[in-house]
Amino acid sequence: CFFFFSSRRRHTRSSLVSWARRCVQETGINAEYMGIVFQNRATEMKFNISDPVSGGQKSIAIDDENQYRALFEKRMGNEFPGETLDPKFAGYIFKITGGNDKDGFCMRQGILKNGRVRILMDKNQKCYRQRRKGERKRKSVRGCIVGKDIGVLALSIVKHGEIPIEGVTTVKRARSLGPKRASTIRKLYKLEKTDDVRKFVVRKEMKNGKKKAPKIQRLVTSERIRRKKVIRKIGLDRLMATKKAVAEYKKLVGDYRSKKKQETAQAKEGKKEEKKPVETKPAAATAQTKKQMNNHHIQQTSEKKKKKKK
């Protein structure tokens, strides 16, 4: 029965109970004993306590629900005093960093639900690994609120108490992975800008006895400064070249436009010369000629009348 459950990838509580009953009927195991085992499993909650200072970690199983009931409805990232779990953790402050439910689904920050949810995930999200490019998948994830269905809860020590926890705070393990960024290394060892950061990198010891140092990120070296100068100079040269090209282009366009204007003006003048203008008498001159003609006509008519009388 236990081999079957360990070999299965996923199982629900109902399937667990039904299979246990079937095993009891077939094998003849004491039903009371099996009931006690499954009852303890149902109420048991494990706590993985880790200390970021010493690097120690320990798993503690608590069967009594009254001890950890105060943690219900708390979220990931919340802090609580150690006395709520056990009086021997007096003075300690723990932080909830994660956990899994009894079916193995991990808690995820930001999902404000005391239960399981199916979310459509892509490559940029946690709890999902993309198999094909552009693939998205709907997967089950446990909410970030602590409840009865949580099987394992991960805790981190924020503040140490008076009594040391055996296997967690008493252990001193060498830090296998240190900070990579130059500013964080300076902050960790309280270095100045003049100090060489490369001497303070945490080197990892390999199986063959050699030590491997990580590549320091954002490290300002003489090569980096020289490269920056070269890049800046290239950029300035490009800027000056583009400015010069723009000025030449504008000058060329201006010359072309002025030349075009002159050509159009000359063409208009040529057309005006071709067309001969019609001579028109002024208005005053025409009025005088009309008067003269009228006077001449009057004289002629008067002479004719005189001749007739004679």
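The values are calculated or read from the model by the stated rules, or taken from the named source; none is laboratory data. On a predicted model such as this, the values are computed, not experimentally measured, just so you know. Heads up, the Cβs are rebuilt from the backbone with ideal geometry, glycines too, and the neighbour counts pull from every protein chain shown. When the accessible area is computed, the model is the full protein with side chains, heavy atoms only, and any ligands, DNA or RNA have been set aside. Shrake-Rupley method; radii C 1.70, N 1.55, O 1.52, S 1.80 Å.
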So D237 fits all but one of (1) open to solvent by 100 Å² or more (accessible area, probe 1.4 Å); (2) under 42 Å from the mean Cα position of the chain (by Cα); what number is the exception? (1)
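Taking the residues in the range 162-183 that are in contact with an Asp or Glu (Cβ under 9 Å, 6 or more places away or on another chain) and under 14 Å from Y92 (Cβ atoms) as candidates, determine which candidate is surrounded by the most Cβ atoms within 10 Å (Cβ to Cβ). If you could, list the steps in order and put the result at the bottom.
At the first step, the residues of the range 162-183 found to be in contact with an Asp or Glu (Cβ under 9 Å, 6 or more places away or on another chain) are 165, 168-169, 171, 174, 176.
Cutting the leftovers down to under 14 Å from Y92 (Cβ atoms) gives us 165, 168-169.
Details: I165: 22, V168: 19, T169: 19.
If we take residues in the range 162-183 being in contact with an Asp or Glu (Cβ under 9 Å, 6 or more places away or on another chain) and under 14 Å from Y92 (Cβ atoms), then I165 is surrounded by the most Cβ atoms within 10 Å (Cβ to Cβ).
With respect to S156, determine if the residue is assigned to a strand (DSSP E or B), under 23 Å from G77 (Cβ atoms) and either free of Cβ contacts under 8 Å to residues at least 40 places away in the same chain or open to solvent by 80 Å² or more (accessible area, probe 1.4 Å) (or both).
Numbers: assigned to a strand (DSSP E or B): yes; under 23 Å from G77 (Cβ atoms): yes; either free of Cβ contacts under 8 Å to residues at least 40 places away in the same chain or open to solvent by 80 Å² or more (accessible area, probe 1.4 Å) (or both): no.
Here the answer is no, as S156 does not meet what is asked.
Do we have any residue at all in the range 123-131 that's closer than 18 Å to G82 by Cα, surrounded by 12 or more Cβ atoms within 10 Å (Cβ to Cβ), out of contact with any Gly (no Cβ under 6 Å at 6 or more places or on another chain) and among the basic types (K, R)? Break it down into steps so the answer makes sense when it comes.
Keep residues of the range 123-131 that are closer than 18 Å to G82 by Cα, which gives none.
No, every residue in the range 123-131 fails to be closer than 18 Å to G82 by Cα, surrounded by 12 or more Cβ atoms within 10 Å (Cβ to Cβ), out of contact with any Gly (no Cβ under 6 Å at 6 or more places or on another chain) and among the basic types (K, R).
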Please go through the range 184-211 and pick out each residue that is within 22 Å of P52 (Cα to Cα) and open to solvent by 80 Å² or more (accessible area, probe 1.4 Å). K187, L188, Y189, K190, R203, K204, E205
Looking only at the range 240-264, count how many residues are under 39 Å from the mean Cα position of the chain (by Cα) and of a type in the set (S, T, N, Q). 1
